[in-house]
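The next block holds one structure in the form of structure tokens; read it before the comments.
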Amino acid sequence: MAGLDHFLNAARFLTILPAPPSSAAPETDWLARAMKHFALVGAGVGCASAVVFVLASHIWGSPLAAIMAVAVSVILTGALHEDGLADTADAFGGGWTIEKRLAIMKDSRIGSYGALALGFSVLLRIAALATLSPWEGAAALVAVHATARAAPALLMNNMAYVGDTAAMKVGYDRSGMVSADLLFLLLTALAFALPLAFISIPSAFAGLAGGAVLATALALWSRKLIGGYTGDVLGAAEQVFEIGFLLGVAATI
């Protein structure tokens, strides 16, 4: 039952959907273990967005369908990743020292940098989706929501955590994912990108490349400014991967 508990932890962490309570006490490495299932949970979010996109496209057309599809993903995830993007943008844009940047990330208020980052993120994703046909957009949504959830895991495995573990409500283990779990996550993410590849192989590659470039750039920026990552940076990495992926698809499909 441990595998089911880890999947439920992933669903609880990434979405607002109700899930049965876990049968075990939280482990210190609960997040690393749950990440194995992040792509699967992300694909579920992508499927919900895809259904809305296809139906709305036939009723109102692509622009409104794109807005609704992005709105559905934000609602289902409780704006988890958007919150991380906003906090990261405020911290990196407004902090002059590592200590100040980390303090800004903990502040629940949103500043100019965070508001602009959120606005551009939503607008870019909507604009990219609006260029796609209903089935192209559906395939892209499933693919992007699955693959983008792998970005935080890769950052977590290759960078040091610099947040305050003492302030966490549950224990935290600084070790990353084990190799087998990371491989499972990556293969699951790529499996959900296959429908898009069947429509257009160049677009699938362009999407993965675009997402990887932006996520890598954010990781390097985070390492330079704060010496590692925080939970907010992981959320921001997922967001910039989504942006890069959808822009890559829209540019080539």
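The values are calculated or read from the model by the stated rules, or taken from the named source; none is laboratory data. Treat the numbers as computed from the prediction; the structure is a model and nothing was measured. All Cβ positions, glycine included, derive from the backbone under ideal geometry; neighbour counts span all protein chains shown. For accessibility, only protein heavy atoms count, side chains too; no ligands or nucleic acids. Shrake-Rupley method; radii C 1.70, N 1.55, O 1.52, S 1.80 Å.
Structural remarks
- log₁₀ of I(q)/I(0) at q = 0.14, 0.22 Å⁻¹ - the stretch 82-173, Debye sum with one point per alpha carbon: -0.71, -1.17
- Residue-normalised accessible area of the stretch 171-251, given per residue in Å² at a 1.4 Å probe: 44 Å²
- When the Cα atoms of the stretch 29-112 are aligned to their principal axes, the ranges along those axes come out at 50, 35, 15 Å in descending order.
- Accessible-area composition of the stretch 103-253, carbon plus sulfur, in percent [1.4 Å probe]: 71 percent
- Accessible area per residue for the stretch 66-114, computed on protein heavy atoms with a 1.4 Å probe, is 50 Å².
- Note on the chain: helix-only mean residue ellipticity at 222 nm, from DSSP H runs of 4+ residues weighted -39500 (n - 2.57) and normalised by residue number, equals -24500 deg cm²/dmol.
- Fully extended contour minus Cα-Cα distance, from I110 to A209, at 0.36 nm per residue: 32.6 nm
- Between the stretch 183-253 and the stretch 77-129, the alpha-carbon center distance in angstrom: 18 Å
- Net charge of Cβ neighbours under 12 Å - reference G227; Lys, Arg +1; Asp, Glu -1: +2
- Longest to shortest principal axis, alpha-carbon extents of the chain, angstrom: 51, 46, 30
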